[in-house]
Amino acid sequence: MSRNIITGIDVGTYHVKVVVASMRERSEHGLPRVIAAGMAESRGLRHGYVTNIRDVADSIRQAVSIAEEKAGMKIKKAFVGISGIGLSATTVNSFVMTSRADAEITALDLKKLEEQCEADIPHSLSANRRVIYEIPLQYKIDGMPSLGSPEGMKGNKIEQKMLFITCLEHHVADLIAAVNEAGIEVEDVMAAPIAAGFVTLSKSQKVAGCVLANIGAETVSIAVFENGIPSSLEVFPIGSTDITNDIALGLKVPLEEAEQIKIGAITGSSYPRKKLEEIVSARLSDIFELIEAHLKKIGRNGLLPAGIVITGGGAGLNSIEDMAKASLKLPSRIGSLAIPNGSSTFKDSTWAVGYGLCIWGAHAEEGPEIDTSSQVLRQLTKKAGRWFKQFLP
């Protein structure tokens with residue numbers, strides 16, 4: 001496969017999605033053009049983590065085969081998204097004293113500060129986990145905030161607030177094993193909520209402050225962005241499948257029929273409309289209460305001007321925007337994306353992770369030429385590349 005071709009694989013609990021993009025033809029923002037996509041039903045996953053490697057490999061193989069047929073080429077390598085309840089994040093505040101007599105801050109001081117931050121992660125939050133990315137959120141020099149990197153400035157004490165995104169080691173190892181069993185070499189991995197943010201959020205939204213919420217089949221993942229970079233991430237073990245189950249129990253109908261009712265494929269007077277709305281609203285309230293609790297925990301509830309952007313399969317539920325606005329007291333909208341692929345455009349934001357992985361892969365190949373959060377991409381690539389090699393054969 002040509003180095004001009006980038007493939008992203010989003011292994012979700014409900015579907016596996018494969019996006020193939022070309023770097024030869026770009027959009028006006030320098031984004032790679034989508035040339036093929038494939039989707040298959042997921043098997044062997046629960047709440048986003050692998051329960052059966054062989055079943056997951058079969059699902060990946062099916063989705064890849066569809067994409068290969070459309071692209072007219074063999075897919076051998078791919079960038080893979082990590083999702084599920086194995087993902088987590090923690091924020092650490094640490095400091096070091098400058099080493100030079102003239103108090104000038106050097107690259108060595110910043111490296112020591114980075115190492116100190118990682119060493120200060122509480123053991124309860126690091127046991128059996130690996131740091132995927134480390135994202136500097138803020139520097140202080142002698143107690144005063146510093147914009148950008150403080151290297152070359154002068155001060156005696158350097159403080160840093162660092163976001164660490166971690167994942168369970170066995171979760172990543174199993175996912176990589178499943179992709180490899182499907183005949184695909186994993187080039188690198190990325191947290192799915194961050195990958196989705198590359199294509200569903202504008203630069204102004206990420207700078208002003210917003211929360212991206214992906215309502216999947218069995219999980220809800222949120223990523224908070226401020227000042228153009230991710231500042232928090234969390235995954236909850238609840239999703240749109242729980243709404244289907246509630247409808248089946250509440251209306252006393254089979255699961256298959258409950259799913260069709262949920263997505264609006266079955267309409268009519270065969271079931272009480274008011275009761276259905278109450279069932280769906282109750283579960284959505286649970287979801288938004290979890291999101292609100294997390295925003296309170298990080299001190300951002302009601303304080304994100306760009307509001308909440310909702311994506312994923314659950315984003316299609318009726319009145320979900322109004323419920324999000326009322327529950328979180330924030331502006332609310334359904335996420336959409338325009339993926340440059342020549343003849344048509346994917347409007348369904350459930351493809352955001354796959355395409356976001358292609359953007360990250362294109363950046364990894366060519367450097368910071370792509371007009372989308374290049375600074376964040378550079379930070380993530382440096383850390384993730386070092387971490388990922390530990391899982392290679």
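The values are calculated or read from the model by the stated rules, or taken from the named source; none is laboratory data. Worth saying up front: this structure is predicted, and the values here are computed from it rather than measured. Backbone-built Cβ (ideal geometry, glycine too); neighbour counts: all protein chains shown.
All of S99, S83 fail the test of being polar (S, T, N, Q) and touching a residue at least 40 places away in the same chain (Cβ under 8 Å), apart from S83.
Of the strands (runs of 3 or more DSSP E) lying entirely inside region 159-232, those containing at least 1 residues that are within 21 Å of I359 (Cα to Cα) and at pLDDT below 90 span 185-191. Taking the condition within 16 Å of the chain's Cα centre (by Cα) and either in a loop (DSSP other than H, G, I, E, B) or at pLDDT below 90 (or both), does S344 pass? In short, no. Can you work out which of the residues in region 283-300 that are part of a loop (DSSP other than H, G, I, E, B) and under 20 Å from the mean Cα position of the chain (by Cα) is nearest to V235 (Cα to Cα)? Top of the filtered list is I298. Where strands (runs of 3 or more DSSP E) fall entirely within region 63-143, those with at least 3 residues that are farther than 30 Å from V50 by Cβ and either touching a Leu at 6+ places or on another chain (Cβ under 9 Å) or at pLDDT 95 or above (or both) are at 87-97, 129-141.
The set of residues from region 154-182 being of a type in the set (D, E, K, R), out of contact with any Pro (no Cβ under 9 Å at 6 or more places or on another chain) and closer than 29 Å to S99 by Cβ comprises K154, K157, E159.
Could you list all residues from region 202-223 that are hydrophobic (A, V, I, L, M, F, W, C) and surrounded by 24 or more Cβ atoms within 10 Å (Cβ to Cβ)? Those that are hydrophobic (A, V, I, L, M, F, W, C) and surrounded by 24 or more Cβ atoms within 10 Å (Cβ to Cβ): C210, V211, L212, A213, I215, V220, A223.
Look at L284 and say whether it is closer than 22 Å to L212 by Cβ and either modelled with pLDDT under 95 or in the same structural domain as I243 (by TED's automatic domain parsing) (or both). Criteria met by L284.
Scanning region 229-264 for residues that are touching a residue at least 24 places away in the same chain (Cβ under 8 Å), among the hydroxyl-bearing types (S, T, Y) and in contact with a helix residue (DSSP H, G or I) (Cβ under 6 Å, 6 or more places away or on another chain) gives a single hit, S240. Residue check: is A101 surrounded by fewer than 17 Cβ atoms within 10 Å (Cβ to Cβ) and farther than 20 Å from P230 by Cβ? Criteria met by A101. In region 139-152, the residues that are among the polar types (S, T, N, Q) reach residues that are in a loop (DSSP other than H, G, I, E, B) and surrounded by 14 or more Cβ atoms within 10 Å (Cβ to Cβ) with C-beta atoms within less than 8 angstrom, at least six apart or across chains, in these pairs: S146/M153.
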